[in-house]
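Where a number appears in this text, it was derived from the coordinates with a stated rule and is not lab data. Nothing here was measured: the structure is a model prediction, and the numbers come from that model. Heads up, the Cβs are rebuilt from the backbone with ideal geometry, glycines too, and the neighbour counts pull from every protein chain shown.
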Amino acid sequence: MVAAMAKVPAAAVAAGGLVGGYGVARWTRKRPLGGVALAAAGSLAAYEWNRQAGPRAAAGLSVAYVAAFAGSHPLAKKVGAWPAVFAVAGGVAAASWAVTRRAAQR
């Protein structure tokens, strides 16, 4: 299963985890279920980050993923929930792409 998932870029998995986690929590009205989706995508993304760029990059991007999740909450109070989620998802995706691209060029 992981081999099949490796064809999906880690940046897309991470962004999808943030957007999907929020969507699941909102539409099911069960925040823990959204957390499961967020954690599952984050774990898969961290696995790929480690595989592609090493443990230091994976740790840094994992911290960015969690910080994006936490940062989306105060940002949502200023710009709205969906714009905040899309903004932080885009930031994590861009960071993921930059880090894994740099590692691939070495």
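Dipole magnitude for the stretch 19-79: about 300 debye, using +1 per Lys or Arg Cβ and -1 per Asp or Glu Cβ, origin at the Cα centre. Taking the Cα centre of the chain as origin and assigning +1 to Lys and Arg Cβ atoms and -1 to Asp and Glu Cβ atoms, the resulting dipole is close to 120 debye. Helix 31-53 and the longest principal axis of the Cα set of the chain meet at an angle near 20°.
Towards the positive end of the charge dipole of the chain, with charges on Cβ (+1 Lys, Arg; -1 Asp, Glu), say which of ALA98, PRO83, VAL66 has the farthest Cα. So the residue we want is PRO83.
For the chain, the longest principal axis of the alpha carbon atoms and the long axis of helix 81-105 meet at an angle near 0°. Applying a DSSP loop filter and a limit of 13 other Cβ atoms within 10 Å to the trypsin sites (Lys or Arg not before Pro) in the stretch 29-101 leaves ARG29, LYS30.
Relative contact order (percent) for the chain, with alpha-carbon contacts under 8 angstrom and 6 or more residues of separation?
Details: 118 pairs, mean separation 32.6, N = 106.
Relative contact order here is 31 percent.
Checking [x] 89; [y] 155; [z] 99 against volume of the Cα convex hull per residue in Å³ calculated from these atoms, the matching label is [x].
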